[in-house]
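Trainee: This is the structure I want to talk about, given as structure tokens.
The values are calculated or read from the model by the stated rules, or taken from the named source; none is laboratory data. Here the structure is a predicted model, which means the values were calculated and not measured. Glycine gets a Cβ as well: all are built from the backbone with ideal geometry, and neighbour counts include every protein chain shown. Just so you know, the surface numbers come from the protein's heavy atoms only, side chains and all, with ligands and any DNA or RNA stripped out. Shrake-Rupley method; radii C 1.70, N 1.55, O 1.52, S 1.80 Å.
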Amino acid sequence: MISAITPKLTLVGAGPGDPELITLKGILALGKADVILYDALVDKALLKHATKNALKVFVGKRHGCKWNPQQDTNKLIVEYALKHGHVVRLKGGDPFVFGRGAEEIDYVQQFGIETEVVPGITSSISVPAYQGIPVTKRGISESFWVITGTTSSGQLSRDIQLATQSTATVVILMGTRKLPEIVAAFTQAGRENTPIALIQSGTTSDEKVVAGHIHDIEHKVQASGIGAPAVIVIGEVVRESPKLMEVYREAISA
């Protein structure tokens, strides 16, 4: 007797890159999946948690090269759910932090398909933490902003201008290619001596980091060869990192 298919979508945050940073609930969801649709920033080691019969489909977008536009991914989720049953949408970081997870949930629910969300560890906090950078610290920073560097129109987020006026830590995702504009905004606000770090491929074996100040970071990034995907951290907390203290000692003695 063939059991009826029960369509379902589970949106799972895979964490910042290190496959060990996915949640236990995320792993359990992978083990129950009939289909897994996964992104470019997801470590393929996570697919080992799936059953041998589960379909594994890449739907990634990276560096501006769109293998699957978002609308196509939305349609695939519905098609696979109706045909196979339980679809796990595996997304890097947390699916609700610039992950377009809410859009996917909204689309799928139009078809009466059950949905569930398994949050993930966001790169905005965990990637700085791996470098010893606390996004908040008593007496140093009492809050933090998480901002997209590039809006849907391709422009720099206007919130960055507002953030330059704050003493909060500023974490910028998807902003590597906007670094000159970010530097200009902080410079115009008189923040040229503010510490800043760029962390590429954070929490993975390919992790690279460069740190400095607003006034010299472009030169350092160019010399280091760091590029996307990278997390940008701006604020006094950067110099609090034990791993980066030497950078700022050298700056003082120079």
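Trainee: Determine if the range 51-74 includes at least one residue that is modelled with pLDDT of 95 or more and touching a Lys or Arg at 6+ places or on another chain (Cβ under 7 Å).
Mentor: Within the range 51-74, not a single residue is modelled with pLDDT of 95 or more and touching a Lys or Arg at 6+ places or on another chain (Cβ under 7 Å).
Trainee: Got a number for residues in the range 135-161 being open to solvent by less than 20 Å² (accessible area, probe 1.4 Å) and over 16 Å from the mean Cα position of the chain (by Cα)?
Mentor: Total satisfying the criteria: 3.
Trainee: Scan the range 162-175 and give yes if some residue there is under 17 Å from the mean Cα position of the chain (by Cα), closer than 16 Å to Ser126 by Cα and open to solvent by 10 Å² or more (accessible area, probe 1.4 Å), otherwise no.
Mentor: yes
Trainee: If we scan the range 205-213, do we find a residue that is of a type in the set (S, T, N, Q) and touching a Pro at 6+ places or on another chain (Cβ under 6 Å)? Spell out how you get there, then give the answer.
Mentor: So in the range 205-213, the residues of a type in the set (S, T, N, Q) come out as 205.
This time we only want the ones that are touching a Pro at 6+ places or on another chain (Cβ under 6 Å), so: none.
Among the residues of the range 205-213, not one is of a type in the set (S, T, N, Q) and touching a Pro at 6+ places or on another chain (Cβ under 6 Å), which makes the answer no.
Trainee: Let me ask something else about it. Please count how many residues of the range 210-221 are out of contact with any Leu (no Cβ under 7 Å at 6 or more places or on another chain), open to solvent by 10 Å² or more (accessible area, probe 1.4 Å) and in contact (Cβ under 8 Å) with a residue 12 or more places away in the chain.
Mentor: Final tally of qualifying residues: 2.
Trainee: Under 6 Å by Cβ, and 6 or more places apart or on different chains, what pairs join a residue from the range 227-244 that is more than 14 Å from Gly202 (Cβ to Cβ) with one that is of a type outside the set (S, T, N, Q) and at pLDDT below 95?
Mentor: Sorted first by the residue in the range 227-244, then by its partner, the pairs are Arg239/Tyr248.
Trainee: A further question follows. Quick one: in the range 205-214, which of the residues that are among the small types (Gly, Ala, Ser) and part of a strand (DSSP E or B) is nearest to Val42 (Cα to Cα)? Spell out how you get there, then give the answer.
Mentor: Filtering the range 205-214 down to residues among the small types (Gly, Ala, Ser) leaves 205, 211-212.
The next check asks that each one be part of a strand (DSSP E or B); those that pass are 211-212.
Details: Ala211: 26, Gly212: 29 Å.
Going through the qualifying residues, I end up with Ala211.
Trainee: Go through (1) open to solvent by less than 70 Å² (accessible area, probe 1.4 Å); (2) in contact (Cβ under 8 Å) with a residue 12 or more places away in the chain for Arg100 and report which single condition fails.
Mentor: (1)
Trainee: Please work out which residue is farthest from Ile5 (Cα to Cα), limiting yourself to the range 113-156 and to residues that are among the aliphatic types (A, V, I, L, M) and free of Cβ contacts under 8 Å to residues at least 60 places away in the same chain.
Mentor: Residue satisfying both the conditions and the ranking: Leu156.
Trainee: Report, by residue number, each residue of the range 215-254 that is among the polar types (S, T, N, Q) and not in a helix (DSSP H, G or I).
Mentor: Quick first cut of the range 215-254, residues among the polar types (S, T, N, Q) only: 222, 224, 241, 253.
Correct list: Ser241 only.
Residue by residue, here is whether (1) part of a helix (DSSP H, G or I); (2) among the β-branched types (Val, Ile, Thr) holds:
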residue	(1), (2)
Thr6	no, yes
Ala29	yes, no
Leu37	no, no
Leu47	yes, no
Lys75	yes, no
Ala81	yes, no
Leu90	no, no
Pro95	no, no
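Trainee: Inside the range 222-254, can you point out the residues that are surrounded by fewer than 21 Cβ atoms within 10 Å (Cβ to Cβ), of a type in the set (A, V, I, L, M) and either within 30 Å of Lys44 (Cβ to Cβ) or touching a Leu at 6+ places or on another chain (Cβ under 6 Å) (or both)?
Mentor: Listed by number, the residues that qualify are Ile226, Ala228.
Trainee: To continue, here is another question. Among the helices (runs of 4 or more DSSP H) contained in the range 104-204, which hold 3 or more residues that are small (Gly, Ala, Ser)? Write out each step before concluding.
Mentor: Details: elements: 123-130, 159-163, 179-188.
Result: 123-130.
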